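The values are calculated or read from the model by the stated rules, or taken from the named source; none is laboratory data. Computed from a prediction, not measured in an experiment: that's the story for all the values here. In this analysis, Cβ positions are derived from the backbone assuming ideal geometry, glycine residues included, and neighbour counts consider all displayed protein chains. Ligands, DNA and RNA are excluded from the accessible area calculation, which covers all protein heavy atoms including side chains. Shrake-Rupley method; radii C 1.70, N 1.55, O 1.52, S 1.80 Å.
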Amino acid sequence: MKPFRNEPYNDFNNPKIRRKMEKALAQVEYEFGKEYDLVIGGKRVKCEKKLYSYNPAKKDEVIGIFQKADEQIAEQTMQAALKAFETWRYTPATVRANYLFKIANIMRRRRFELNSWMVLETSKNWLEADADTAEAIDFCDYYGHEVLRYDRGPKLLQLKDERDEQRYIPLGVGIVIPPWNFPLAILTGMTTASFACGNTVILKPSSDSPAIAAKFMEMVEEAKVPVGVVNFMTGSGALAGDYLVRHPKTRFIAFTGSKSVGLHIIEHAAKTVPGQIWIKRVVAEMGGKDLIIVDSEANIDSAVTDARVSAFGFQGQKCSACSRLILDEKIYDKFMKKLIPTVEAITVGPPKDHGNYMGAVINESAYKSMLEYIEIGKSEGKLVCGGKPAEGNGWFIRPTVFTDIGPKTRIFQEEIFGPVLAVTRARNFEHAIELANDSEYGLTGAVYTKNRQKIEKAKNEVFVGNLYINRKCTGAMVAAHPFGGFNMSGTDSKAGGPDYLGLFTQAKAIAEYVAARKTKKPAKKRRG
Ligand code: NAD
């Protein structure tokens, strides 16, 4: 088997590749408005109530129509997953891993199509969508390799006359609840990690990206993963999601999303209900208020380029997006003079057009919330760029920068999850670290300095789950940058790293006595 390596990105400067993407976009648009069923134990199920997915960059364009599952349907889904678990749990790891490798290959084949669904349903630009698909492929490949490694078990001390081993066995039925912002990668990562370990899954995607989730389900079926191992259930998080979180047969919940929903799930999963014989496990990755520190001894040009990408890539809607820029006061003016024109030059519009760097924000309520934060920002600091909607029939917002922001302001402390950057001044490097750590979150951070001692200080003292030195704070790579945050950013699950699959298994230690038992020898017969 080939060793794992990250999937390369497409180069859209190549006219041939550009044409492939244009063709795929047209094909996907042709499929708009289709209705998608639930998939429960391999059966297609319709509901009375429907859910519509819209293009955020063209408000009235319907991407697809989806079923809205209720509690009764959620119960049927649970029964299907429980049934499938009885056989899937004993399926050898090699067989399970092969399904992941198959899905990775299908994704490679359908790469431009998957990219296009993301461009149109979540308003990602081409590069961001392509990186999302590449990461989804990486998750399948990496967890496929990892499940084989876990299957070999750890090396234990072997006691005399014993065979001592530890096996990783599955947990049971898991509820997978992903967000819309990495609609393919995170959904694929959490789902494949769960079923690779021998669990069965109820996948409840976000109502903002159900079409991409439906495409994932199509690929699971195309790979011929046995029925019931992955069940696809669209519907309201608050209704069907809550029911399943509370269900006595739910063994674990893999959640990625906001702090408020994450804490709600943790609270409800902690309450035992009649018929429940285990402690539910919750893997919850939540929000961030991520930072970049630029020291007085930094390469300013590369820090400017990276700050712009980290803050405004995908409209700032990444959990890792830079929303706090902490500049040493000695370079503050010089840095801002370079940053502002590059931010003002950002193009905003439908990302179907490859010329647009930023697309729309995900939906109306996100749009309204961001505009409210922009008003708050105006009272807390100085607006130096953006601060208003952009033209067009979508949820477009101009990239926005506030300077002279105090460390205790709402703009500096709360997750906005949009293209709003708060800039503050640090007296020196120590003060910059103090400002960085003054947060209830602890997801990603980047530090720019050429000074070796300061690099070491940052490695020791900046309290984030993913720290980057002299590179941007977004774009974690599977297998190289295990991902997950501290504090209210979540349970630090380290997705895409060597510890991740451990969260979806339980370890069983087995000691077998193997020496021959001493048996009494029969007494020798006396002669005579
Ligand atoms: P969200 O919390 O609104 O929704 C996440 C998921 O939870 C969705 O599938 C939603 O339908 C579901 N849900 C909502 N209410 C529920 C309930 N009561 N019970 C069960 N499920 C329920 O988050 P979002 O808007 O989809 O995503 C954005 C958030 O995700 C941001 O806060 C971002 O920082 C975070 N995020 C974190 C990471 C990470 O790795 N830490 C990665 C991506 C996104």
Using a Förster distance of 22 Å, how high is the FRET efficiency between Ala480 and Asn105, based on the Cβ-Cβ distance and rounded to 0.05? 0.50
On full extension of the chain, what length is gained from Lys508 through Lys59, given 0.36 nm per residue of separation minus the C-alpha to C-alpha distance? 156.4 nm
With N set to the number of residues, divide the alpha-carbon radius of gyration of the stretch 48-122 by 2.2 N^0.38 Å and report two decimals. 1.56
Within the chain, what whole-number % of the accessible surface is contributed by carbon and sulfur, with the 1.4 Å probe and all protein chains included in the calculation? 52 percent
Return the Rg/Rh ratio of the stretch 345-433 with Cα-based radii and a Kirkwood Rh. 1.03
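Hey, what does the equivalent ellipsoid look like for the stretch 242-337, semi-axes from the Cα gyration tensor as sqrt of 5 times each eigenvalue, largest first, whole Å?
Over the Cα atoms of the stretch 242-337, the semi-axes work out to 44, 11, 9 Å.
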Classify the stretch 290-469 from the C-alpha gyration tensor, please: rounded if a/c falls under 1.5, else prolate or oblate depending on whether a/b exceeds b/c. prolate
PRE reach from Arg149 (point 7 Å along Cα→Cβ): which of the stretch 455-486 fall under 16 Å by backbone N? 477-483
Applying the gyration tensor rule to the Cα atoms of the stretch 383-528 (axes a ≥ b ≥ c; rounded if a/c under 1.5, else prolate if a/b exceeds b/c, else oblate), the class is prolate
Glu391 and Glu461 label points (each 7 Å along its Cα→Cβ direction) are spaced in nm at 4.9 nm
Using a cut-off of 14 Å between beta-carbons, work out the net charge of the residues near Val343 (Lys and Arg +1, Asp and Glu -1, Val343 not included). +3
Mean separation of Cα contacts under 8 Å (at least 6 apart) over the residue count of the stretch 290-469, i.e. the relative contact order in percent, is 28 percent
The rounded separation in angstrom of the Cα centers of the stretch 338-397 and the stretch 54-127 is 30 Å
Leu82 and Ile279 label points (each 7 Å along its Cα→Cβ direction) are spaced in nm at 2.4 nm
Proximal lysines relative to Lys382, as straight alpha-carbon distance under 16 Å, when same-chain residues fewer than 8 apart are discounted: Lys337, Lys408
Expressed as a whole-number percentage, the relative contact order of the stretch 68-144 with C-alpha contacts under 8 angstrom and at least six residues apart is 35 percent
Note on the chain: contact order normalised by length, alpha-carbon pairs under 8 Å, 6 or more apart, percent, works out to 17 percent
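Using 0.36 nm per residue, how much length does the chain from Arg44 to Glu31 gain when fully extended, once their Cα-Cα distance is taken away?
2.8 nm
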Working out 0.36 nm times the residue gap between Asp164 and Ser258, then minus their Cα-Cα distance, what length gain in nm do you get to one decimal? 29.6 nm
Inverting the mean 1/r over all pairs of different Cα atoms, compute the Kirkwood radius of the stretch 171-289 and quote it in Å. 14.3 Å
With the cut-off at 23 Å, tell me which of the pairs Lys249/Lys289; Lys49/Lys215; Lys334/Lys450; Lys20/Lys43; Lys23/Lys58 have Cα atoms farther apart than that. Lys249/Lys289; Lys20/Lys43
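What is the diffusion coefficient of the chain in µm²/s, taking the Kirkwood radius over Cα pairs and the Stokes-Einstein relation at 20 °C with a viscosity of 1.002 mPa s?
88 µm²/s
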Taking a temperature of 25 °C and a viscosity of 0.890 mPa s, what whole-number D in µm²/s does Stokes-Einstein yield for the stretch 413-463 with Rh from Kirkwood over alpha carbon pairs? 200 µm²/s
Per residue, accessible area of the chain with a 1.4 Å probe, heavy atoms of protein chains only, in Å², comes to 44 Å²
Label model pair Glu71, Thr272: point-to-point distance (7 angstrom along the Cα→beta-carbon line) in nm is 2.3 nm
Nearest-0.05 FRET efficiency for Thr94 and Lys224, computed from C-beta distance (R0 22 Å): 0.90
